[in-house]
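Please treat every number below as a calculation from the coordinates, not as lab data. Here the structure is a predicted model, which means the values were calculated and not measured. Cβ: placed from backbone, ideal geometry, glycine included. Neighbour counts: every protein chain shown.
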Amino acid sequence: MPLTFIGQKKGMMQVFDKDGKIVVCTVILAEPNTVLQIKRKETHGYNGIQLGGVPMTKSQLGRASKPMKGQFAKAGVDGCLVIHESRLDEVDQYQIGQKLDASIFEGVQFVDVEGISKGKGFQGVIKLFNMAGGPAAHGSGFHRHMGSTGMRSTPGRCFPNGKRASRMGGDRKTVQNLRVVAVKGNLLLVEGAVPGAPSGIVYIRKAKKKG
């Protein structure tokens, strides 16, 4: 199973490839992640490592619990805002306190990026499901509705799980097979869009289908 790296979406930009064509990219700040804990099959029943990313501010660290502060102290870090665990086949090459940076994506062609999509609040079916709505004429009285959803005497009700106006966004989404355009220091440039707002937390891993 691939290692999951913690990063932050910073925005989008355009770059030119070697053929002079514009490539629209998402810029991900991939600051070094610290190995906080190592899980071994003999002890925990599976192999995996726990990574900490996104440094805490002093005020955030002050609100952290004593067990968390002890774990940070053991790993030699001031504090991590995000902790994520990855299950791996082998963990012998990792050590507690080890720093992993964006260089682990050198030579990787495609990645999968997971994040929380932007919340859009309560939306109607036109925006939420791209329904067509009614005619735009002034007298129609049917513009942005979804139309009839009920039935006649049999079964005489609306079936559940149909498309209705509801909350939109704020869901965990994964975009697969994004091409890695460049790795520059702590910045990772991937072609295409990534879920979430600027400064949102994202999880990057080697592509499952195009690895």
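Under 16 Å between alpha carbons, and skipping anything fewer than 8 positions from K118 in its own chain: which aspartates and glutamates qualify?
D171
Pairs on different chains or at least eight residues apart, Cα atoms closer than 28 Å: how many lysine pairs in the stretch 1-49 fit?
4
Using DSSP to call loops (not H, G, I, E or B), can you name the GluC sites (Glu not before Pro) in the stretch 35-106 whose Cβ has at most 15 other Cβ atoms within 10 angstrom?
Numbers: sites: E42, E85, E90, E106; in loops: E90, E106.
Answer by residue number: E90, E106.
Using each residue's phi in the stretch 148-165, evaluate 6.51 cos²θ - 1.76 cosθ + 1.60 at θ = phi - 60° and report the 3J(HN,Hα) Karplus result to the nearest Hz, with x for Gly and Pro.
Per residue, the Karplus-derived 3J(HN,Hα) values read 6, 10, x, 10, 7, 4, 10, x, x, 7, 9, 5, x, 6, x, 6, 9, 5 Hz.
Would you calculate, for the chain, the mean residue ellipticity at 222 nm contributed by helices, counting each DSSP H stretch of 4 or more residues as -39,500 (n - 2.57) and dividing by all residues, to the nearest 500?
Value at 222 nm, helices only, nearest 500: -2500 deg cm²/dmol.
Can you give the angle from 0 to 90° between the axis of helix 66-75 and the longest principal axis of the chain, with both taken from C-alpha atoms, to the nearest 10?
Relative to the chain, helix 66-75 is tipped by roughly 60 degrees.
Taking trypsin sites (Lys or Arg not before Pro) that fall in a DSSP loop and have at most 15 other Cβ atoms within 10 Å as cut points, what is the longest piece of the chain between them? Numbers along the way, then the final one.
Details: sites that count: K18, K21, R40, R63, K118, K120, R144, R152, R157, K163, R164, K208, K209, K210.
Here the longest segment lacking exposed loop sites spans 64-117.
Please list, in order along the stretch 80-89, the HN-Hα scalar couplings obtained from phi with the Karplus expression 6.51 cos²θ - 1.76 cosθ + 1.60 (θ = phi - 60°), rounded to whole Hz, x for Gly and Pro.
Values, residue by residue: 10, 6, 10, 10, 9, 10, 10, 8, 10, 6 Hz.
Send over the per residue convex hull volume for the chain, Cα only, as a whole number of Å³.
Here the figure is 230 Å³ per residue.
Only counting other Cβ atoms within 10 Å, I'd like L178, L51, L100 sorted with the fewest neighbours first.
L100, L178, L51
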